[in-house]
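The values are calculated or read from the model by the stated rules, or taken from the named source; none is laboratory data. Note that this is a predicted model, so its numbers are computed, not measured. FYI the Cβ positions are ideal-geometry reconstructions off the backbone, even for glycines, and counts take in every protein chain you see. Side chains included, ligands, DNA and RNA excluded: accessible areas come from the protein's heavy atoms. Shrake-Rupley method; radii C 1.70, N 1.55, O 1.52, S 1.80 Å.
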Amino acid sequence: MDTLRPSDDEIAAANRELDGQTPQQVLAWAVRRFHPKLMMATAFGPEGCCILHMLAEIEPGVRVINLETGYQFAETLELRERIRERYGIAVELIRPDLTVAEYEQEHGGPLYVHRPDQCCYDRKVLPLRRAVKGYAAWISAIRGDQTEHRKAAGVVQWDAKFSLTKVNPLLRWTKKDVWKFIVDHDVPYNPLHDQGYPSVGCWPCTAPVEDGGDERSGRWAGSQKKECGLHVIEHEEGSGI
Ligand code: SF4
């Protein structure tokens with residue numbers, strides 16, 4: 001029996017225990033339960049930076065990766081260096097097999113224009129799937145109030161898409177909670193957030209948002225796409241929620 005895979009009963013009990021606790025308490029539980037088979041993927045959003053700050057105090061040895069699609073903003077990659085200097089956490093860059101130039105040549109141009117789901121799949125989902133092999137759990141920085149999919153998440157849940165337990169310490173936090181933590185603790189963050197980009201992904205698929213606009217409306221703006229696919233949980237039977 002795989003003792004690193006919690007039963008449905010254990011997940012339900014963990015949610016009863018942890019829902020309502022602080023993110024640090026949730027992270028400490030995840031470290032006790034899964035480290036060193038615990039990892040985190042971050043795009044260096046403000047939420048991810050808060051978690052990195054917390055992990056530096058709780059367990060800086062947790063493996064942290066960034067999906068370096070080749071389309072990230074220079075500011076995002078510079079933030080990785082600032083995080084390393086501040087916390088000593090060297091976030092590992094996970095790259096797809098093909099460089100951007102090779103990928104665009106193979107497809108006769110960039111796929112993000114007409115087939116963003118395929119582009120995200122090739123440049124994020126597949127590399128992540130390889131990177132999580134051998135791990136039991138991953139930490140995500142999603143907040144429940146960001147999208148309908150995220151609202152349906154649990155603090156602890158089984159992620160059948162990646163065969164991992166997913167831990168969402170910031171699920172009950174608001175955007176205000178995140179920025180209060182950043183200011184209170186002087187956490188490094190992406191300067192693009194001060195330039196009208198509340199959510200930062202790859203540069204071709206990220207647009208600035210007007211004051212008061214939905215914080216994720218600048219991601220794949222003008223299309224129905226809201227997620228890169230990493231945080232759309234599939235249940236065992238494969239139905240996305
Ligand atoms: S966010 Fe855009 S550029 Fe980045 S992997 Fe997805 S489709 Fe490609």
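Brief remarks follow.
- On the stretch given as the stretch 195-210, residues that are of a type outside the set (V, I, T) and touching a residue at least 24 places away in the same chain (Cβ under 8 Å) total 6.
- Restricting the stretch 129-143 to residues that are part of a helix (DSSP H, G or I) and open to solvent by 20 Å² or more (accessible area, probe 1.4 Å), the residue that is modelled with the highest pLDDT: R130
- Residue within the stretch 112-121 that is open to solvent by 10 Å² or more (accessible area, probe 1.4 Å) and farther than 28 Å from E215 by Cα present: no
- Qualifying positions in the stretch 63-101 - more than 20 Å from A131 (Cβ to Cβ) and either within 21 Å of the chain's Cα centre (by Cα) or not small (G, A, S) (or both): F73, A74, E75, E78, E81, R82, E85, R86, Y87, G88
- Taken over the stretch 1-16, the criterion of being free of Cβ contacts under 8 Å to residues at least 60 places away in the same chain and within 23 Å of the chain's Cα centre (by Cα) is satisfied by A12 alone.
- Considering residues of the stretch 190-210 that are polar (S, T, N, Q) and in a loop (DSSP other than H, G, I, E, B) only, the residue farthest from the ligand (Cβ to nearest atom): N190
- Matching entry among V113, V187 (being within 16 Å of the ligand (Cβ to nearest atom), part of a loop (DSSP other than H, G, I, E, B) and over 15 Å from the mean Cα position of the chain (by Cα)): V113
- Test: L126 is more than 12 Å from the ligand (Cβ to nearest atom) and either surrounded by fewer than 17 Cβ atoms within 10 Å (Cβ to Cβ) or in contact (Cβ under 8 Å) with a residue 60 or more places away in the chain (or both): no
- In the stretch 175-208, the residue that is surrounded by the fewest Cβ atoms within 10 Å (Cβ to Cβ) out of those that are at pLDDT 95 or above and of a type in the set (V, I, T) is V183.
- Residues of the stretch 59-109 that are within 16 Å of the ligand (Cβ to nearest atom), open to solvent by less than 50 Å² (accessible area, probe 1.4 Å) and in a loop (DSSP other than H, G, I, E, B): E68, T69, G70, Y71, F73, P96, G109.
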